[in-house]
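Right, one structure below, let's go through it.
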């Protein structure tokens, strides 16, 4: 086959390209997140003191951490989906930075004797299990969408996607979880999100080759 | 060069809106760029150029199937370049270190009229043989016999719409075969 035949054949294929990837990813993640929220509501419900809790700086910092990480990982995923990915997403440092500041504030304002109890919280094991579980549906949706990408590095795209879905699962679980200490968030939520990030990287390595 | 790039970007946008002629012009214009990038990339890695044709074809296929990813706010040429470099690296990995026997001395030993199977045939052409059913018929009609979608539809007794859908699926099937061939 001559090159010209290939060009002619490709030009004959006028099936319209689909929605932009970013919009499709948003739809997939929103659907996954809505289902995860529904599962949380049906099985455990939200924390009973949610309205008052939103007035405490620790709880706000917790939600802000997950929200910032989600936003940065979303942008990093769309960048990594391109063959000419720019990489080096500095925005990803914002969430850990905020969390470090919150931990600093906690250490300055509470006596050293309470730090151990704050770090282990009430249900660290639940955080490690429930966050990945609530991330699963968004992760499936994200893998299905991002298979259309053309990443320079499939693993890197998978990692960004995993962090995005991990942060999303964490955000949903935060509606229920009453362990609010920044130390707890820094240890257990970070570990749970990292687990989902790792799963994403492994999945991406296989699924995102093009 | 700048004007040219702008023209290409305009063609790409027109193509996204279904303008087949602009798309054809764009692909024709991109072939020399793709070839130059792939050639440089192969040469830099100390590879001979026997895989150049295949890399160019695979890159064209990838540009076609991934064109929805290109964002009009990003410059087109660096995007195409990066894509071709990715495809070239893929091809080099897939083929690994291969010993290439020069063909001329062997060719003299063959009787002149013997057809030489697969020689000079690209991977993609060989892969058309692995596509099944109607997809293969449509591909052969368009890619090998030079028909348009409408002509292919008429000769195969399909509606034009069905032929279009089949062609699109067939092209995706080829890309999938290329992907599988390297694992």
> So which residue, out of A:77, A:89, A:190, gets the largest mean-square fluctuation from a GNM of chain A using Cα contacts under 10 Å as springs?
Replying inline: A:89
> Extension gain residue A:114-residue A:16, at 0.36 nm per residue separation less the Cα-Cα distance, in nm?
Replying inline: 29.2 nm
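Is segment B:38-101 best put as rounded, prolate or oblate by its Cα gyration tensor, with a ≥ b ≥ c the root eigenvalues, rounded for a/c under 1.5, and otherwise prolate when a/b is larger than b/c, oblate when not? Each step should come with its number before you reach the end.
Details: a/c = 3.00, a/b = 2.22, b/c = 1.35.
Verdict is prolate for segment B:38-101.
Round to the nearest 0.05 the FRET efficiency obtained for residue A:75 and residue A:147 when R0 = 30 Å and r is the Cβ-Cβ distance.
On the way: r = 20 Å, r/R0 = 0.65.
Calculated value: 0.95.
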> Out of A:137, A:35, A:55, any idea which swings most in a Gaussian network model of chain A, alpha carbons joined below 10 Å?
Replying inline: A:55
>> Looking at chain A as a GNM with Cα springs under 10 Å, which of A:67, A:116, A:169 has the largest mean-square fluctuation?
In response: A:116
> For segment A:50-123 and segment B:1-77, what is the separation of their Cα centres, given in Å?
Replying inline: 41 Å
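Using a/c under 1.5 as the rounded threshold, could you call segment A:82-174 rounded, prolate or oblate? The axes a ≥ b ≥ c are square roots of the C-alpha gyration tensor eigenvalues, and prolate needs a/b larger than b/c, oblate otherwise.
Numbers: a/c = 4.07, a/b = 1.76, b/c = 2.32.
Because a/c hits 1.5 or more and a/b fails to exceed b/c, segment A:82-174 counts as oblate.
Rounded, prolate or oblate: pick one for segment A:158-197, where a ≥ b ≥ c are the square roots of the eigenvalues of its C-alpha gyration tensor, a/c under 1.5 means rounded, and failing that, prolate if a/b is larger than b/c, else oblate.
Details: a/c = 3.37, a/b = 1.64, b/c = 2.05.
It is oblate, given that a/c is not under 1.5 and a/b is not larger than b/c.
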>> Please arrange A:63, A:208 by how many other C-beta atoms lie within 10 Å of their C-beta, fewest to most.
In response: A:63, A:208
> Between residue A:2 and residue A:194, what FRET efficiency follows from the Cβ-Cβ distance if R0 is 51 Å, with the result rounded to 0.05?
Replying inline: 0.50
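Estimate the FRET efficiency between residue B:181 and residue A:128 by the formula 1/(1 + (r/R0)^6), using the beta-carbon distance for r and 56 Å for R0, to the nearest 0.05. Each step should come with its number before you reach the end.
Working: r = 41 Å, r/R0 = 0.73.
Efficiency computed from Cβ-Cβ geometry: 0.85.
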> So what's the back-of-envelope 222 nm ellipticity for the protein assembly as shown, counting only DSSP H runs of four-plus at -39500 (n - 2.57) apiece and dividing by all residues, rounded to 500?
Replying inline: -22500 deg cm²/dmol
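Report relative contact order for segment A:124-201 in percent, whole number only (criteria: Cα-Cα under 8 Å, sequence separation at least 6). Don't skip to the answer; put the middle values down first.
On the way: 91 pairs, mean separation 39.9, N = 78.
Dividing the mean separation by the residue count of segment A:124-201 yields 51 percent.
Starting with the fewest neighbours, write out B:92, A:174, A:161 ranked by other beta-carbon atoms found within 10 Å of each beta-carbon. Intermediate results must be reported in sequence, preceding the final value.
Details: B:92 18, A:174 25, A:161 35.
Arranged by neighbour count, lowest to highest, B:92, A:174, A:161 become B:92, A:174, A:161.
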> When only alpha-carbon atoms count, how far does the protein assembly as shown stretch along each of its three principal axes, as whole angstroms with the largest first?
Replying inline: 91, 48, 42
>> Within a 10 angstrom radius of the beta carbon, how do B:73, B:91, B:59, A:135 rank from fewest other beta carbons to most?
In response: B:73, B:91, B:59, A:135
> What is the distance, in nm, between label points placed 7 Å from the Cα along the Cα-to-Cβ direction at residue A:90 and at residue A:31?
Replying inline: 3.7 nm
> In whole percent, what relative contact order does chain A give with Cα contacts below 8 Å and a gap of six or more residues?
Replying inline: 31 percent
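Bear in mind these aren't lab numbers, they're just calculated from the coordinates by the rules spelled out. Bear in mind the structure is a predicted one, so any value in this text is a computation, not a measurement. Note that we place each Cβ from the backbone using ideal geometry, even for glycine, and neighbour counts take in every protein chain shown.
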